[in-house]
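Here's the structure, in structure tokens; my notes come after.
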Amino acid sequence: MKIGDLHDWNLDPKGAVALQRELAPQLISDTPIALDRIKSIAGVDVSVRRKRSRAAVVVMRYPQLDTIEIARAEREASFPYIPGLLAFREGPVILDALRQLQCDPDAFIFDGMGQIHPRKMGIAAHLGLWLQRPTIGCGKTHFIGEFVEPASEKGSSSALHHRDEQIGAVLRTRARVKPVYVSVGHLADLASAVKLILSATTRYRLPEPVRAAHNAARL
């Protein structure tokens, strides 16, 4: 997969925050994903152990959800773990893995946040600007924002607000199981992002491409 260079990753935390603020206005979050035109989706995740990181990208046919391709990459996790700056720790190794792909996925689901972020620049949003493809964040834990717990049935959701703005949805992907936190990364809207997450989720809490990427990234 061909990906251009958007910026240099070699920044200190202060410079990283400044870059997020510079890039955030470029995000597009009001464009519905045309689900009937999606033929493949990729799940993306990273594992870090003893300052070594491994990224995995698993591409699946959609809506069948059978695996087409798996790409992995490893490198040193040189940027410190700082909440809100995850992209600077994980972004370079993810791009290494993405550049190995032979196919070109139509949409990407990241194990992490999109615009559920103080500056709207979670990993799915930040990498969305590199990919220029629809990207979605599917986080497992609450990061920021206020919400009312959704109903216990699969498919139930509630709005997640931060500073009087809806930045995501709290979505029940399995009945009576903890919800996930869905947000637009880039080139999508929240309604179609939620639909794609639900359609890619089968027996487990996480969408199949993300669950497969999580397993493939284990160190």
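Readers should treat all values here as calculations from the given coordinates under stated rules, not as data from a laboratory. As the structure is a computational prediction, the values presented were derived from the model and not from experiment. All Cβ positions, glycine included, derive from the backbone under ideal geometry; neighbour counts span all protein chains shown.
The relative contact order of the stretch 25-156, computed from alpha carbon pairs under 8 Å that lie at least 6 residues apart in sequence, is 21 percent. Taking a Cβ cut-off of under 9 Å around Glu76, the surrounding Lys, Arg, Asp and Glu residues balance to a net charge of +2, with basic ones at +1 and acidic ones at -1. Within the shell of other residues whose beta carbon sits under 12 angstrom from the beta carbon of His162, the net charge comes to 0, with Lys and Arg scored +1 and Asp and Glu -1.
Across the stretch 64-219, the relative contact order, built from alpha-carbon pairs under 8 Å that are at least six residues apart, equals 19 percent.
Can you bin the chain into rounded, prolate or oblate? Criterion: square roots of the alpha carbon gyration tensor eigenvalues sorted a ≥ b ≥ c, rounded for a/c under 1.5, prolate for a/b above b/c, oblate for the rest. Rounded shape, in that the Cα axes give a/c under 1.5.
Label sites at Asp8 and Asp104, each approximated as a point 7 angstrom past Cα along Cα to Cβ, lie 3.0 nm apart. Longer than 30 Å from Cα to Cα, which of Lys14/Lys39; Lys39/Lys140; Lys120/Lys195; Lys39/Lys120 are they? Say none if no pair is. Over 30 Å apart, Cα to Cα: Lys14/Lys39. Sort the stretch 38-142 into rounded, prolate or oblate with this rule: let a ≥ b ≥ c be the square roots of the eigenvalues of the Cα gyration tensor; rounded if a/c is under 1.5, and if a/c is not under 1.5, prolate when a/b is larger than b/c, oblate otherwise. In terms of gyration-tensor shape, oblate.
Under the membrane-span-like helix rule (DSSP H runs whose alpha carbons stretch at least 18 Å along the helix axis, mean Kyte-Doolittle hydropathy 0.5 or higher), the chain yields none.
Peptides 108-115, 146-153, ordered by how many other C-beta atoms sit within 10 Å of their residues on average, highest first, read 108-115, 146-153. Between beta-carbons, use under 10 Å as the cut-off and find the net charge around Gly112, counting Lys and Arg +1, Asp and Glu -1. The answer is -2.
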